[in-house]
Structures are given as C-alpha cells and as structure tokens.
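Asker: Quick one: structure below, then a few questions.
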Amino acid sequence: MTWRQQLEQRLEHAPDGRQKAVPAHLHVSVIRKLKSGQFRLYSRKKDASTGKRRNLGTVSTLEQAKQHEREIQYFKRH
C-alpha cells in the first residue's frame, strides 16, 4: 500500500463534505530511501509550477530523517 493510499484511508469526511483535520502524528511522512542507502525528506505539498516535492534534506539514517522532520515541524510553528 502506498503512502497516499494510507493517508486517504486515514482521512475522514464530515457529514457536510468537508475533510476533518488529521492530527500531525497520523500524517504519512515523505521520507524516501535512496539507492545510495541514504534517506531524503520531501515536502508534503507539491510545487504548483513544477509538480514536484521540495527536497528538505538528505541524511544517512532513518532516525536522523525522523528527527529532521520533527525539527522542521517545530520551526514551522515557532
């Protein structure tokens, strides 16, 4: 199952058709493993002009990628 399918499963719709907000801990992160064995963190939103996700950093381990994602979320809100 792809990350998009997982996210769609988690999204619930309100009776009036609006989407309910999904808590941050339920978001599917966009961390991908590269052929080199490193992990790259991508933006959740696609750039409208290019249709691609922004590269938010490349790290050597999955734990570092998750930590970097938490740092980015903290920076966005403080």
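Values quoted throughout were computed directly from the atomic coordinates according to the rules given, and no laboratory measurement underlies them. What you are looking at is a predicted structure, and each value in this text was computed from that prediction instead of being measured. Here the Cβ is made from the backbone with ideal geometry for all residues, glycine too, and neighbour counts use every protein chain on show.
Asker: Could you sort 64-70, 46-52, 34-40 so that the peptide with the highest average Cβ count within 10 Å comes first and the rest follow in order?
Answerer: 64-70, 34-40, 46-52
Asker: If you don't mind, there's one more thing I want to ask. Could you tell me which of rounded, prolate or oblate describes region 23-77, using a ≥ b ≥ c as the square roots of the eigenvalues of the alpha-carbon gyration tensor, with rounded for a/c under 1.5 and, failing that, prolate when a/b is larger than b/c and oblate otherwise?
Answerer: Taking the square roots of the gyration eigenvalues as a ≥ b ≥ c, region 23-77 is oblate.
Asker: Right, next: Subtract the Cα-Cα distance of residue 64 and residue 4 from 0.36 nm times their separation in residues, and report this length gain in nm to one decimal.
Answerer: Numbers: separation 60, 0.36 × 60 = 21.60 nm, distance 2.28 nm.
In short, 19.3 nm is gained.
Asker: Moving on. Residues of region 39-55 with backbone nitrogen within less than 16 Å of a virtual label 7 Å along the Cα-to-Cβ line of residue 73, please, listed as ranges.
Answerer: Under 16 Å, as judged by backbone N against the label point of residue 73, lie 41-45 of region 39-55.
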